[in-house]
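The structure appears below as structure tokens.
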Amino acid sequence: MSAETIAAPKLQIDHVYKRFPIRGEESELTALHDINLDVAAGEFLVLVGPSGCGKSTLLDLLGGLSRPSSGRILLDGAEITGPGLDRGIVFQQYALLPWRTARRNIEFGLEAKGLSRRERRERAEHYLELVGLGGFGNRYPHELSGGMKQRVAIARSLAFDPEILLMDEPFAALDAQTRESLQDELLRIWRATGKTILFITHGIDEAVYLGQRVAVLSPRPGRITDFVDIEIDRNHADIRSSEEFRNYRHHIWTLLHRDELSGNKDAIAVAGENVATVVAREATHV
């Protein structure tokens, strides 16, 4: 080991399983299987996987909205046991309070921290500027576009200065042009704030464009099968059209489809075993 001190991970997911009971049955459904993941302070890590692989279930665990069936999740060495202001969460749906202006939505979390009215307003204005919404603080959600609402949601999560920002497919409901614009904005905000970000998506292009590192999740039960370090020349005029980008995209596509194929083979094998069992049982009655 070198003389340099190895920094502890900001976020540590240690052998996490999540199982759900099946109504009317004694068996359980395994949504997440032995998830192990370390996220460094200031890292932008993207989790990518197919629909139904347990991505949102994992985010619920990270947010403290539910508990693992086994294993631990640690933030700065302390186990996560419930919701807290040390984590900011941005969902696919904006979840803005319709009776509050953009500024007052951003102030919502600051009220829980006990900041004065003046401090709340100053911080809200700062984050409105940061997300490109200076001058829109008095607008209500119904007066904002989808992209602007999501900017407010991001500003609200950043305003109370969480240790980590958790994002669950936040741009999935937006049109392609707005989505790409907000991806650029998010990278700019990340560089400006140095926040640790864990971003969940099922879009391969989005994962490659945003992530310093991409964790690949298998079909259910979700498990991390691969990590891909993304090293792209960010000075390229159009990163998405570069050969590097295409190579990373193809590599992750191959990993995902390999896992899908493996899952299908397992399902076929189980089905075959079930058929063989039925045939054998029926044969004993002939």
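No value in this document is a laboratory result; all are computed from the given coordinates. Quick caveat: nothing in here was measured; it's all calculated off a predicted structure. Every residue, glycine as well, gets a Cβ built from its backbone with ideal geometry; the counts of neighbours run over all protein chains shown.
For the chain, modelled as a GNM with alpha-carbon contacts under 10 angstrom, which of Glu122, Glu43, Glu25 fluctuates the most? In this elastic network of the chain, the residue with the biggest mean-square fluctuation among Glu122, Glu43, Glu25 is Glu25. Dividing the mean sequence gap of close Cα pairs (under 8 Å, 6+ apart) by how many residues region 120-267 holds gives a relative contact order of 16 percent. Build a GNM of the chain with springs between Cα atoms under 10 Å apart, and of Ala124, Ala237, Ala207 the one that fluctuates most is Ala237.
Listing Met148, Met167 from fewest to most neighbouring C-beta atoms within 10 Å gives Met148, Met167. If you bin all the Cα-Cα distances of region 89-128 at 5 Å, starting from zero, the percentages per bin are 5, 25, 29, 25, 12, 3, 0. The GNM of the chain, with springs linking C-alpha atoms under 10 angstrom apart, assigns the highest mean-square fluctuation among Phe91, Phe20, Phe171 to Phe20.
Per the Debye calculation on region 150-229 with a single equal scatterer at every Cα and no solvent contribution, log₁₀ I(q)/I(0) for q = 0.16, 0.17, 0.25 Å⁻¹ amounts to -0.65, -0.73, -1.37. Cβ-to-Cβ counts within 10 Å put Ile164, Ile197 in ascending order as Ile164, Ile197, the fewest first. Which shape class applies to region 12-134: rounded if a/c is under 1.5, otherwise prolate when a/b exceeds b/c and oblate if not, where a ≥ b ≥ c are the square roots of the Cα gyration tensor eigenvalues? Cα axes put region 12-134 in the prolate bin.
Between Ser145 and Ala41, the C-beta separation translates, for a Förster distance of 25 Å, into a calculated FRET efficiency of about 0.15. Semi-axis lengths, largest first, of the ellipsoid equivalent to the chain are 38, 23, 20 Å, with √(5λ) applied to each eigenvalue of the Cα gyration tensor.
Measuring gaps between exposed loop sites in the chain (trypsin sites (Lys or Arg not before Pro); DSSP loop; at most 11 other Cβ atoms within 10 Å), the longest gap, sites not included, is 24-233.
Sort region 68-216 into rounded, prolate or oblate with this rule: let a ≥ b ≥ c be the square roots of the eigenvalues of the Cα gyration tensor; rounded if a/c is under 1.5, and if a/c is not under 1.5, prolate when a/b is larger than b/c, oblate otherwise. Because a/c hits 1.5 or more and a/b fails to exceed b/c, region 68-216 counts as oblate.
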